[in-house]
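Quick notes on the structure that follows.
The values are calculated or read from the model by the stated rules, or taken from the named source; none is laboratory data. Predicted model, so just to flag it, every value in this text is computed and none were measured. Don't worry about glycine lacking a Cβ; one is built from the backbone with ideal geometry, like all the others, and counts go over all protein chains shown.
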Amino acid sequence: MARLVLWHIPVSHYNEKVRWALDFKGLEYDRRAPQPPVHMLVAMALTRSPHVTFPVLQVDGEAIGDSTAIIAELERRFPDPPLYPPDPSERRRALDLEDFFDEEVGPPIRQLGWHEITRDEKRMTRYIAETTRGPLARFAGAQAAAARRFLDLRFDVASEDGAQESRRRIVAGLDRLEAELGDGDYLVGGRFTVADLTAAALLYPLVLPPEAPRQLGSEPPPAYERFRAPLKNRRGYEWVREMFARHRRRLPVPAGAQP
Ligand SMILES: N[C@@H](CCC(=O)N[C@@H](CS)C(=O)NCC(=O)O)C(=O)O
């Protein structure tokens, strides 16, 4: 059996996408979670390339960056149970939808979530205190300020115009999800595929289903709640909850293992 090591950020939706794929296939894997922004250096060192994002999966020592490439490799090595449809045109459609949710929904959800959290200094400090390990946890206030600067540089999270655009793109993502679902339960071929997994994983910070492994504090910021409230009755929102409830199989993390 191949040795699998996942380098991940516990809260991140792209990382949840890969954890879900690994768990769906029933694969055992070790987890490593170096803290951002150090993870960018780790990603470069592991992949020996300019790749700076997590997740990175090591398979027998070979490092693969990018959630889409990781799932492609998992499909190749561990085809059962499959996430790709066998029919070539359905497979193309599933991969196009994976790409759409990765590119069009992942970034605005991240921008808006951090926009609302970083505006609230106390909440941000609490979050950093809860997620920092070791002696650095004692300096949560200073770390929160540094994290805010980093997130703003990387993802423009302080921008109100950016947040407005993110809200628009998230709703457009829900529109597309519902249009693609039509009357069906699944996006492609009447069964759970990489398209459903990607859409649900990348929308998890919006829907916050109970099966999602990690959430940013028990109570989301009030402004985030105001954005979510009118979306809760939408079919796409309910569908994300349903996908987690039906398909988010999780292997227990061994005691003492990293998060
Ligand atoms: N296209 C990449 C996106 C992954 C990604 O953006 N990961 C974020 C966490 S949400 C990250 O590591 N960001 C570090 C950075 O860009 O500064 C994938 O699908 O794996």
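Under the condition of being basic (Lys, Arg) and either touching a residue at least 24 places away in the same chain (Cβ under 8 Å) or over 18 Å from LYS17 (Cα atoms) (or both), the residues counted in region 75-90 number 1. Sub-7 Å Cβ pairs linking a first residue in region 13-37 that is in contact (Cβ under 8 Å) with a residue 40 or more places away in the chain to a second residue that is polar (S, T, N, Q) and surrounded by 16 or more Cβ atoms within 10 Å (Cβ to Cβ), at least 6 apart or interchain, are TYR14/SER67; LYS17/SER67; LYS17/THR198; VAL18/SER67; GLN35/THR132, ordered by first then second residue.
Among the criteria (1) within 11 Å of the ligand (Cβ to nearest atom); (2) free of Cβ contacts under 8 Å to residues at least 12 places away in the same chain, the one GLY106 does not fulfil is (2). Selection of region 40-54 for residues being under 15 Å from VAL5 (Cα atoms), in contact with a Phe, Trp or Tyr (Cβ under 9 Å, 6 or more places away or on another chain) and of a type in the set (Val, Ile, Thr) yields only VAL42. Residues considered: GLU165, GLU104. Of these, the only one that is surrounded by fewer than 19 Cβ atoms within 10 Å (Cβ to Cβ), in a helix (DSSP H, G or I) and in contact with a Lys or Arg (Cβ under 7 Å, 6 or more places away or on another chain) is GLU104. Quick one: would you say PRO135 is more than 15 Å from PRO221 (Cβ to Cβ) and surrounded by fewer than 15 Cβ atoms within 10 Å (Cβ to Cβ)? Yes; evaluated as a whole, the condition is true for this residue.
Return a yes/no flag: does region 62-69 have any residue that is buried (at least 16 other Cβ atoms within 10 Å of the Cβ), β-branched (Val, Ile, Thr) and under 16 Å from ALA2 (Cα atoms). Within region 62-69, one or more residues are buried (at least 16 other Cβ atoms within 10 Å of the Cβ), β-branched (Val, Ile, Thr) and under 16 Å from ALA2 (Cα atoms). Any chance region 14-29 includes a residue that's within 11 Å of the ligand (Cβ to nearest atom), touching a helix residue (DSSP H, G or I) at 6+ places or on another chain (Cβ under 8 Å) and of a type in the set (Lys, Arg)? Yes. Note on region 32-59: among residues that are modelled with pLDDT of 95 or more and within 15 Å of the chain's Cα centre (by Cα), the one that is nearest to ARG154 (Cα to Cα) is THR53. If the requirement is being away from the ligand (no atom under 15 Å from the Cβ), farther than 30 Å from TYR29 by Cα and part of a helix (DSSP H, G or I), which of these qualifies: ALA158, ALA137, ALA146, ALA142? The unique qualifying residue is ALA142. Go through the residues of region 232-239 one by one and say whether even a single one is acidic (Asp, Glu) and surrounded by fewer than 19 Cβ atoms within 10 Å (Cβ to Cβ). The answer is yes; a qualifying residue exists. Does region 170-192 contain any residue that is of a type in the set (Phe, Trp, Tyr), in contact (Cβ under 8 Å) with a residue 12 or more places away in the chain and either within 15 Å of the ligand (Cβ to nearest atom) or part of a helix (DSSP H, G or I) (or both)? Within region 170-192, none of the residues are of a type in the set (Phe, Trp, Tyr), in contact (Cβ under 8 Å) with a residue 12 or more places away in the chain and either within 15 Å of the ligand (Cβ to nearest atom) or part of a helix (DSSP H, G or I) (or both). For region 45-68, a tally of residues being outside any strand (DSSP E or B) and either near the ligand (Cβ under 8 Å from one of its atoms) or among the hydroxyl-bearing types (Ser, Thr, Tyr) (or both) returns 9.
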